[in-house]
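Working notes for the structure below.
The values are calculated or read from the model by the stated rules, or taken from the named source; none is laboratory data. This is a predicted model, so every value here is computed, not measured. Ideal geometry is used to build each Cβ from the backbone, glycine not excepted, and the neighbour counts take in all protein chains shown.
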């Protein structure tokens, strides 16, 4: 079971990494402004507004929350949005965005390798 879990973790993060890189290369860039916060599960989630190049304004909550808040009201955050679906956006911070998925891929790959070696009897990580 952990072998399958590792492979699934790797595959999901690889898929998300590819989608993220595609959005970074083909998406439209703009600045979002922090309007407010939603406090949920001890985390502050910024509510931002941004305008697309078609002059459409969007008000969205960021998917990641922090405590204490990473941003203040009025802060500008660079974002990248999909031209055909402007509600789908990411923060324009390639290093942290790519790092997140890379860590997930490495963890999934490591779990797959260790469980694979255990499965074929090469190592004994989970003694019974």
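Please state which one of 117, 59, 111 is closer than 23 Å to residue 12 by Cβ and touching a residue at least 24 places away in the same chain (Cβ under 8 Å).
111
Could you please find all residues in region 49-63 being closer than 16 Å to residue 27 by Cβ, exposed (fewer than 14 other Cβ atoms within 10 Å of the Cβ) and in contact with a strand residue (DSSP E or B) (Cβ under 7 Å, 6 or more places away or on another chain)?
Once the filter is applied, which keeps residues that are closer than 16 Å to residue 27 by Cβ, exposed (fewer than 14 other Cβ atoms within 10 Å of the Cβ) and in contact with a strand residue (DSSP E or B) (Cβ under 7 Å, 6 or more places away or on another chain), region 49-63 yields 53, 56.
Those residues that are over 18 Å from residue 51 (Cβ atoms), surrounded by fewer than 15 Cβ atoms within 10 Å (Cβ to Cβ) and either touching a helix residue (DSSP H, G or I) at 6+ places or on another chain (Cβ under 9 Å) or in contact (Cβ under 8 Å) with a residue 60 or more places away in the chain (or both), I need them from region 73-99; list them, please.
94, 98
Hey, could you check region 71-106 for residues that are out of contact with any strand residue (DSSP E or B) (no Cβ under 8 Å at 6 or more places or on another chain) and modelled with pLDDT of 90 or more and say which is farthest from residue 28 (Cα to Cα)?
Among those that are out of contact with any strand residue (DSSP E or B) (no Cβ under 8 Å at 6 or more places or on another chain) and modelled with pLDDT of 90 or more, it is 106.
Specify which of the listed residues (6, 27) is surrounded by 14 or more Cβ atoms within 10 Å (Cβ to Cβ) and in contact with a strand residue (DSSP E or B) (Cβ under 9 Å, 6 or more places away or on another chain).
Result of the check over 6, 27: 27.
In region 16-58, what residues are at pLDDT 90 or above and within 14 Å of the chain's Cα centre (by Cα)?
Within region 16-58, no residue meets the criteria.
How do the pairs read when you match residues in region 13-30 that are over 22 Å from residue 51 (Cβ atoms) with residues anywhere that are at pLDDT below 85 and surrounded by 15 or more Cβ atoms within 10 Å (Cβ to Cβ), using Cβ under 6 Å and keeping only pairs 6 or more apart or on different chains?
Within 6 Å, the pairs are 13/101; 16/101; 17/101; 20/97.
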